[in-house]
1. Give me the Å³ per residue figure for the convex hull around the C-alpha atoms of the protein assembly as shown.
2. Suppose R0 equals 41 Å. What FRET efficiency, 1/(1 + (r/R0)^6) with r the Cβ-Cβ distance, do residue B:77 and residue B:169 give to the nearest 0.05?
3. Counting only other chains, and only Cβ atoms inside 10 Å, what mean value do you get across the residues of A:112-119?
4. Just tell me which lysines come within less than 27 Å, Cα to Cα, of residue B:49; anything on the same chain fewer than 8 places away is out.
5. Using alpha carbons only, how many angstrom separate the centre of segment B:138-170 from the centre of segment A:1-55?
6. Given a cut-off of under 8 Å on Cα pairs at least six residues apart, what relative contact order in percent is computed for segment A:3-48?
7. Can you list the distances in nanometres, one decimal and ascending, from the residue B:51 label point to the identical position in each other copy, with the point 7 Å along Cα to Cβ?
8. Normalised by the residues of chain B, what does the relative contact order come to in percent, with Cα pairs under 8 Å and at least six apart?
There are 2 protein chains.
Amino acid sequence: MATDTRERILDSSGELFRRQGYMGTGVKQIIEEAGAPFGSLYHFFPGGKAELGAETIRRSGFLYGLLFPEYAGPEADLATGVRAFFAGAAETLVATDYADACPIATVALEVSSVNEELREACADVFNLWIEGGVARFVEAGIPRKRARALVIEMIAALEGAFVLSRALRSIEPLEVAAEAVAGAISAAL
Amino acid sequence: MATDTRERILDSSGELFRRQGYMGTGVKQIIEEAGAPFGSLYHFFPGGKAELGAETIRRSGFLYGLLFPEYAGPEADLATGVRAFFAGAAETLVATDYADACPIATVALEVSSVNEELREACADVFNLWIEGGVARFVEAGIPRKRARALVIEMIAALEGAFVLSRALRSIEPLEVAAEAVAGAISAAL
């Protein structure tokens with residue numbers, strides 16, 4: 001079976017986790033939406049749904065981690081870049097009828113107390129984001145300790161704003177969070 | 001069947017939703033942990049799991065809403081009260097091995113795109129919290145528009161910090177979020 005079948009399965013699980021979480025997504029639905037034969041699931045993921053879940057989290061997390069430098073890379077003013085990053089998230093949320101936010105947060109809340117393998121995958125992603133963010137914030141001139149606090153504040157603000165924005169069907173929480181984080185960054189610079 | 005059976009069912013579903021979400025919780029488990037007869041579920045909640053879910057969200061949300069004024073009521077300095085509120089949440093999280101955070105956020109992320117009845121219940125809870133918070137912040141002397149932004153920032157920071165803290169098994173995100181929000185409140189006062 002071609003490797004692109006594996007990619008299609010992971011794209012499908014990533015999208016379904018974003019919209020309805022890990023527990024609400026069956027492997028049958030993942031395979032169907034990927035247009036893949038059922039046997040391909042256990043061919044590529046012998047550990048079944050948990051292995052596919054962990055790989056989905058790590059892969060989605062890595063891809064999402066690439067979005068931040070697209071908006072707030074070294075060429076941009078950091079506070080302006082952070083505002084653009086949040087605005088991009090808000091735009092995607094509205095364009096997808098408030099469905100596409102972050103698949104990691106949903107899974108992290110669902111599984112952190114019941115599945116150690118998946119919790120560790122979520123923790124690895126958050127640590128990757130924190131490390132990448134700290135490097136960028138330090139480069140912008142913020143001392144490392146303050147940079148770490150600001151990056152954690154930013155990720156928490158984004159994830160929490162996604163929770164509120166999806167439930168309220170409003171981008172107000174994302175707009176508020178963006179201003180709070182950008183203001184804190186400007187004050188630190 | 002006694003009304004306290006209904007309360008026990010709602011206590012049980014509230015706790016299970018906090019730990020493992022709505023989709024990962026079966027009605028059989030809710031009834032068993034409540035020590036209730038199976039028939040009592042449909043006696044008290046003719047609409048089944050969705051009706052029980054919506055009632056759980058509204059009831060948990062109301063009870064959680066009472067926690068904030070316990071820490072940050074009119075007799076307390078607002079920024080100090082907010083720090084104590086976050087510290088209380090962190091203490092509970094550690095005491096429950098990072099399980100007991102907020103049942104509303106987990107359900108909001110799981111169901112917002114797939115179950116309108118439950119999404120509305122989550123939205124009602126968040127709006128209740130926002131309104132209660134705005135009243136307290138205005139009373140402390142913050143203009144209404146700024147108060148609304150600060151309250152949304154606070155709730156988003158708390159919910160997002162829960163996501164990170166549960167996945168990372170660390171209260172650092174809650175501590176960082178508390179300082180960020182308390183600092184913003186002090187600046188606004």
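1. On the way: hull volume 51.2 nm³, N = 378.
Spelled out: Cα convex hull of the protein assembly as shown, divided by residues, is 135 Å³.
2. Working: r = 31 Å, r/R0 = 0.76.
Calculated value: 0.85.
3. Details: counts 13, 11, 5, 2, 0, 0, 1, 5.
Going residue by residue through A:112-119 and averaging, the value is 5.
4. Counting by Cα, and skipping residues close in sequence, residue B:49 has these lysines nearby: A:28, A:49, B:28.
5. For segment B:138-170 versus segment A:1-55, the Cα centre distance is 35 Å.
6. Details: 30 pairs, mean separation 19.5, N = 46.
Normalised by residue count, the contact order of segment A:3-48 is 42 percent.
7. So the label point of residue B:51 gives 4.4 nm to the other copies.
8. Values: 204 pairs, mean separation 44.2, N = 189.
Result for chain B is 23 percent.
Since every read-out is calculated from the coordinates, none of them should be taken as a lab result. Quick caveat, the model's predicted, so the values are computed rather than measured. Every residue, glycine as well, gets a Cβ built from its backbone with ideal geometry; the counts of neighbours run over all protein chains shown.
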